[in-house]
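First the structure, in the form of structure tokens, and then the observations on it.
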Amino acid sequence: MVKVGVFGASGRVGKLLLEDLKEKDNMEVSTVFVRRDLDFAIDPSVMVTSDMKTFLNGCDIVIDFSLPEACEKLLEEAMNTPKPLVIGTTGLNTHQLNLLKTASEKMPILYATNMSLGVALLNKLVYQASAALEGFDIEIVEMHHRHKKDAPSGTALTLSESAAAGRGLNLDDVRVSGRDGNIGERTKDEIAVMALRGGDIVGRHTVGFYNDGEFLELNHTATSRNTFSKGAIRAAAWLVDKEVGLYSIADCLEL
Ligand code: NAD
């Protein structure tokens with residue numbers, strides 16, 4: 001039985017993880033981390049702790065859907081108590097991403113800004129389309145629920161990285177995240193990533209390739225957050241016995 005520690009258990013995705021893990025025969029929730037008191041119902045057999053070391057020692061693998069600052073603390077503590085980590089938290093800054101890379105020299109880490117099969121495939125398609133559709137303007141639009149904190153979404157940023165890579169461009173040189181005022185015409189290589197927020201939208205991403213006379217739009221819509229919790233559980237089952245290193249969802253899905 002694989003013992004799973006859930007980090008961010010009281011969150012939108014974390015709560016679904018607790019439910020979805022109940023359906024697994026070979027995995028169970030062993031520990032959850034709470035900042036203060038437990039403010040949600042959980043099976044009494046699960047260890048609830050606000051001590052990071054105790055949390056890590058109580059599980060074989062961690063699934064994290066929290067916030068960047070929390071994820072940073074998890075990574076720092078895991079450097080002392082290494083465990084396989086499935087990281088789903090988005091909005092990590094450069095320091096936190098570097099920490100994640102350093103930590104992956106001590107433990108296997110799967111980091112995915114989107115755990116869904118559809119988006120993993122979409123990244124491949126975007127890379128191919130970007131390379132093939134020379135001269136087409138690339139524009140990315142993402143829509144999420146009103147509570148989402150980071151923008152653009154981690155998924156949209158990963159998609160823009162795939163688009164830039166398809167053209168051999170450095171994303172930092174070409175990414176545009178907003179247009180306002182008399183800013184002049186669109187430049188040839190720019191890749192725009194625009195964020196819309198509202199209602200309860202789970203996640204919608206459109207990558208458009210626009211040219212004179214035609215355009216192609218690749219669209220993915222998540223209709224249920226269980227797509228992410230189930231994807232993370234699949235990733236955990238795959239990662240638990242892997243060597244140290246940094247893995248992607250594409251590695252797990254063999255795409
Ligand atoms: P949420 O706000 O509902 O939940 C956040 C969780 O993190 C809560 O349990 C909260 O208690 C916990 N948390 C916050 N600060 C903490 C701290 N300092 N220490 C410990 N725990 C802390 O958010 P959500 O909608 O569940 O999303 C969580 C993260 O996952 C976000 O970054 C979101 O963008 C990302 N996400 C990723 C995917 C994916 O497929 N990779 C899908 C959906 C959401």
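Quick one: would you say THR31 is in contact with a Lys or Arg (Cβ under 8 Å, 6 or more places away or on another chain) and assigned by TED's automatic domain parsing to the domain that holds ASN80? When the stated conditions are applied, THR31 passes them.
The set of residues in segment 47-84 being more than 20 Å from the chain's Cα centre (by Cα) and free of Cβ contacts under 8 Å to residues at least 24 places away in the same chain consists of MET47, VAL48, THR49, SER50, ASP51, THR54.
Entry remark, segment 35-49: residues being within 9 Å of the ligand (Cβ to nearest atom) and buried (at least 16 other Cβ atoms within 10 Å of the Cβ) number 0 in total.
The set of residues in segment 225-251 that are within 11 Å of the ligand (Cβ to nearest atom), among the polar types (S, T, N, Q) and either buried (at least 18 other Cβ atoms within 10 Å of the Cβ) or in a loop (DSSP other than H, G, I, E, B) (or both) comprises THR227, SER229. For segment 113-146, filtered to residues that are within 23 Å of ASP200 (Cα to Cα) and without any contact (Cβ under 8 Å) to a residue 60 or more places away in the chain, the residue that is surrounded by the most Cβ atoms within 10 Å (Cβ to Cβ) is THR113. Scanning segment 95-106 for residues that are among the hydroxyl-bearing types (Ser, Thr, Tyr), within 9 Å of the ligand (Cβ to nearest atom) and at pLDDT 95 or above turns up nothing. Scoring ILE63 on the criteria (1) at pLDDT 95 or above; (2) within 11 Å of the ligand (Cβ to nearest atom); (3) surrounded by fewer than 23 Cβ atoms within 10 Å (Cβ to Cβ); (4) not polar (S, T, N, Q) leaves a single failure, condition (3). Counting just the residues of segment 170-221 that are small (Gly, Ala, Ser) and either without any contact (Cβ under 8 Å) to a residue 24 or more places away in the chain or in a loop (DSSP other than H, G, I, E, B) (or both), which one comes out surrounded by the most Cβ atoms within 10 Å (Cβ to Cβ)? Only one residue tops the list, namely SER177.
Summed over segment 71-84, the residues that are out of contact with any strand residue (DSSP E or B) (no Cβ under 7 Å at 6 or more places or on another chain) and either over 23 Å from MET1 (Cα atoms) or in a helix (DSSP H, G or I) (or both) give a count of 7.
Taking the conditions (1) aliphatic (A, V, I, L, M); (2) within 9 Å of the ligand (Cβ to nearest atom); (3) touching a Lys or Arg at 6+ places or on another chain (Cβ under 6 Å) in turn, LEU56 satisfies each one other than (2).
As a summary of the residue check, ALA78 satisfies the conditions (1) among the small types (Gly, Ala, Ser); (2) buried (at least 21 other Cβ atoms within 10 Å of the Cβ); (3) under 28 Å from HIS147 (Cα atoms) except for the one numbered (3).
Please enumerate the residues belonging to segment 61-84 that are aliphatic (A, V, I, L, M) and touching a Phe, Trp or Tyr at 6+ places or on another chain (Cβ under 8 Å). Passing the criteria: VAL62, ILE63, ALA70, LEU74. Given (1) aliphatic (A, V, I, L, M); (2) within 16 Å of the ligand (Cβ to nearest atom); (3) in contact with a helix residue (DSSP H, G or I) (Cβ under 7 Å, 6 or more places away or on another chain), where does MET27 come up short, assuming only one miss? With (1) aliphatic (A, V, I, L, M); (2) within 16 Å of the ligand (Cβ to nearest atom); (3) in contact with a helix residue (DSSP H, G or I) (Cβ under 7 Å, 6 or more places away or on another chain) applied to MET27, the lone miss is (2).
The values are calculated or read from the model by the stated rules, or taken from the named source; none is laboratory data. Just so it is clear, the model here is predicted, and its values are computed rather than measured. Using ideal geometry, Cβ is built from the backbone for each residue, glycine included, and neighbour counts are taken over all protein chains shown.
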